[in-house]
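Below is one structure, written out as structure tokens, with a few remarks after it.
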Amino acid sequence: MEPWQEEIERHCREWMAQLAGGAQDGLPEIPPGGDGPDLYAFFEALTALRSDVSKSGRRSHDTFARIGDSLTEFEGMIRELSDRVTAERQTRMRLEQDLHKRFLMPFAEMCERLDRLADKLAHPPKPGLLNARHQWADAWSAFTEGFGLLREHYGLLLRDAGVVPMQTVGQRFDPSRMKAVATEPRDGVAPHTVIEELAAGYLYKDDVLKFAEVKIAIQKGDAS
């Protein structure tokens, strides 16, 4: 039992005892300014207690309301800070990826030129009049073999860095990855199908590093 409850109970018992004594012996006279409990004093104590409890309840409610408002504001600040950190992290990742793409772009272009040169080396020029045919063939074979090793090594370096060539021939033209630089009417081929790759395209982690330049099929009569 709380102290204030004990106090009320004590006053109530004293008041009941006073009433019981008065019923038997007659109500005693309480001298003015006496310390004995009376009904009016008891009522005043109850009224004051109720007022204190009401004020305490209002203060507690106001306190909890202020705490709730503070927590809501704090939650908003944390959410805003989290959003800013996430946005900055994404921006940093995009900048790092763009930097890697700019760094790798010249290597992809060089690899594409090596591929073109390899196609030309598949058809060696005719030997000169003063050169023996077998000597010319041996020299050309050694040159193409060395070039092939260089090209293969270069391609492995790009793949290790995350750069891979696109597969375009036979695929439907994709403007987000390809540039159509030529068209040709073709029978038996669906329109907008890539029929020849004129310059290779490259991807870096599924992002376009270098657009592929392709020739696409069109229906006869559509060429202008």
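Things to note:
- The charge dipole of region 75-214, taken about its Cα centre with unit charges on the Cβ of Lys, Arg, Asp and Glu (plus for the first two, minus for the last two), comes to roughly 240 debye.
- Contour minus Cα-Cα distance for Phe74 and Thr193 (0.36 nm per residue): 37.1 nm
- Once the chain from Cys12 to Leu157 is taken as fully extended at 0.36 nm per residue, the excess over their C-alpha distance is 42.6 nm.
- Cα extents of region 164-224 along the three principal axes, largest first (Å): 39, 20, 16
- Using the Cβ-Cβ distance between Val164 and Leu95 with R0 set to 35 Å, the FRET efficiency works out to roughly 0.95.
- ³J(HN,Hα) computed for each position of region 178-195 - Karplus, 6.51 cos²θ - 1.76 cosθ + 1.60, integer Hz, glycine/proline x: 10, 10, 7, 9, 7, 10, 8, x, 9, 8, x, 10, 5, x, 6, 8, 6, 10
- Note on Phe107 and Leu149: the model spin-label points, each 7 Å out from Cα along the C-beta direction, lie 2.1 nm apart.
- Ranking His153, Ala142, Gln171 by how far each Cα lies toward the positive end of the dipole of region 135-175 (charges on Cβ) leaves Gln171 at the top.
- A cut-off of 5 Å between modelled amide H atoms, ignoring neighbours fewer than 5 places along the same chain, links Thr183 with Ile216.
- Given charges at beta-carbon only (K, R positive; D, E negative), |dipole| of region 164-224 in Debye: 60
- With 0.36 nm allotted per residue and the present C-alpha distance subtracted, the Trp140-Leu114 stretch has 7.7 nm of extension available.
Rule-based calculations on the coordinates, nothing more; no lab input. Keep in mind that what you see is a predicted model, and the values were worked out from it rather than measured. Cβ atoms come from the backbone with ideal geometry, glycine included; neighbour counts cover every protein chain shown.
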